[in-house]
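A.B. asks: A single structure is presented below for examination.
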Amino acid sequence: MKSVNLLSVGVFVALGCIGCRNASPAKVSEVPVKDTVMVRVAPPEEKIEQLSISYRLLAVDSNKEWISTLSAGDTLNALLVLNRVDKKHLLRQDTLVVPDTFAADLNVYAPFPDSIATLKPINKIIFASYYAQAFAAYEHGIRVRWGPVSLGKKSTPTDTGLYYTNWKSQKTTSTVDRSWVMEWYFNIDNYGGVSMHEYALPGYPASHACMRLYRADAYWIYHWADQWLLKKNTQLAAYGTPVLIFGSYPFDGRKPWLSLNEDSTALQVTAEDISQLVAPSLQLILKRQTQRDTVLLCRK
């Protein structure tokens, strides 16, 4: 779902988010989840050992009764996050990946590293993995948030590469279809109308090139990321927060998270991976960061 700011550009065509189901053939267990371990992880402020979590696949049809009993809590939250889906679409899945441990701290399921030394000079940056369908936000190399996303579907993919957060709106509508309402919207491509915003996560890439987010994640990014700075309301004075979208998605194959039962590290993005991704753009990111700091200083 897209919308564009007409403040500094002409009229652009904006695209809306629509979805199509992605089949996911996989070996599925018919065994109920009654034997799944239920535990709580210590709060984030307490030091805990990294959990070793294993996964299995479950057919939704065979477990609808159990799934339907879930309400807000660790078990439901873990299922939603791991399957890149919202509650409305949970029972519409054919297969779910289920952990042997349901953790209160969803950081134990994060596919991104806790810290990345090479990112320390960067004030803020957001990464989005097309393969893992997940984002992570970092401050000076420390991961401060992560969550699932729904990027562009096969026919309207999200272009990978370096973006910046531009302008934002608490609520806006698509210029293609006025019924498409996007809340906690943050534009990252003013000419193409690509943005990050709250919208349905159906468990696969379904957007029209935007980055769909859970409402809580979209709200958080809306308040955390920086808008561009303009001079005379028309010209760019400084860039916002860098956003790097990378990787590719197997549109004609199995959903990547359904491989976790065979390899619990299947979605992992290493610090070395991120460092290599950032390397070609690092100097540009730092240059634009310095430019922004200078503009803000002059405006005080």
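A.B. asks: Going through Tyr185, Tyr138, Tyr130, Tyr163 one at a time, which residue ends up being surrounded by fewer than 23 Cβ atoms within 10 Å (Cβ to Cβ), among the aromatic types (Phe, Trp, Tyr), within 24 Å of Ile285 (Cα to Cα) and at pLDDT 95 or above?
C.D. replies: Checking each option against the conditions leaves just Tyr130.
A.B. asks: Report the residue count in region 175-210 for those that are small (Gly, Ala, Ser), part of a loop (DSSP other than H, G, I, E, B), touching a residue at least 40 places away in the same chain (Cβ under 8 Å) and more than 22 Å from Leu80 (Cβ to Cβ).
C.D. replies: 3
A.B. asks: Among the residues of region 40-78, count how many are charged (D, E, K, R), modelled with pLDDT under 85 and exposed (fewer than 10 other Cβ atoms within 10 Å of the Cβ).
C.D. replies: 4
A.B. asks: List the number of the failed condition for Asn190; all other conditions in (1) buried (at least 18 other Cβ atoms within 10 Å of the Cβ); (2) touching a strand residue (DSSP E or B) at 6+ places or on another chain (Cβ under 9 Å) hold.
C.D. replies: (2)
A.B. asks: Looking at the structure I just gave you, is Pro202 closer than 21 Å to Asp94 by Cα, in the same structural domain as Ser169 (by TED's automatic domain parsing) and touching a helix residue (DSSP H, G or I) at 6+ places or on another chain (Cβ under 6 Å)?
C.D. replies: Working: closer than 21 Å to Asp94 by Cα: yes; in the same structural domain as Ser169 (by TED's automatic domain parsing): yes; touching a helix residue (DSSP H, G or I) at 6+ places or on another chain (Cβ under 6 Å): yes.
In short, yes.
A.B. asks: Tell me which residues, restricted to region 211-237, are under 15 Å from Arg84 (Cα atoms), surrounded by fewer than 20 Cβ atoms within 10 Å (Cβ to Cβ) and either of a type in the set (A, V, I, L, M) or modelled with pLDDT under 95 (or both).
C.D. replies: Ala216
So that you can scan it fast, the table gives a plain yes or no per residue for (1) farther than 17 Å from Ala200 by Cβ; (2) without any contact (Cβ under 8 Å) to a residue 24 or more places away in the chain; (3) out of contact with any Leu (no Cβ under 8 Å at 6 or more places or on another chain):
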position	(1), (2), (3)
His89	no, no, no
Thr101	yes, no, no
Pro121	yes, no, no
Phe135	no, no, no
Lys153	no, no, yes
Thr158	no, no, no
Leu162	yes, no, no
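A.B. asks: Next question. Which residues, taken from region 244-300, are among the aromatic types (Phe, Trp, Tyr), in contact with a strand residue (DSSP E or B) (Cβ under 7 Å, 6 or more places away or on another chain) and outside any helix (DSSP H, G or I)?
C.D. replies: Hit for region 244-300 is Phe246, nothing else.
A.B. asks: Right, another one. Identify, by number, the condition in (1) surrounded by 14 or more Cβ atoms within 10 Å (Cβ to Cβ); (2) in the same structural domain as Ala136 (by TED's automatic domain parsing) that Ser248 doesn't meet.
C.D. replies: (1)
A.B. asks: Which of the following residues is modelled with pLDDT under 95 and among the small types (Gly, Ala, Ser): Gly240, Gly253, Gly193?
C.D. replies: Residue meeting the stated conditions: Gly193.
A.B. asks: Within region 214-243, count every residue that is within 19 Å of Gly161 (Cβ to Cβ) and assigned to a strand (DSSP E or B).
C.D. replies: Result for region 214-243: 3.
A.B. asks: Filter region 128-158 down to the residues that are hydroxyl-bearing (Ser, Thr, Tyr) and either under 11 Å from the mean Cα position of the chain (by Cα) or over 18 Å from Gly192 (Cα atoms) (or both) and list them by number. Full working, then the answer.
C.D. replies: In the first step, residues of region 128-158 are kept if they are hydroxyl-bearing (Ser, Thr, Tyr); the result is 129-131, 138, 150, 155-156, 158.
Selection gives Ser129, Tyr130, Tyr131, Tyr138, Ser150.
The values are calculated or read from the model by the stated rules, or taken from the named source; none is laboratory data. Only a predicted model underlies this, so the values are computations on that prediction, with no experimental measurement involved. Backbone-built Cβ (ideal geometry, glycine too); neighbour counts: all protein chains shown.
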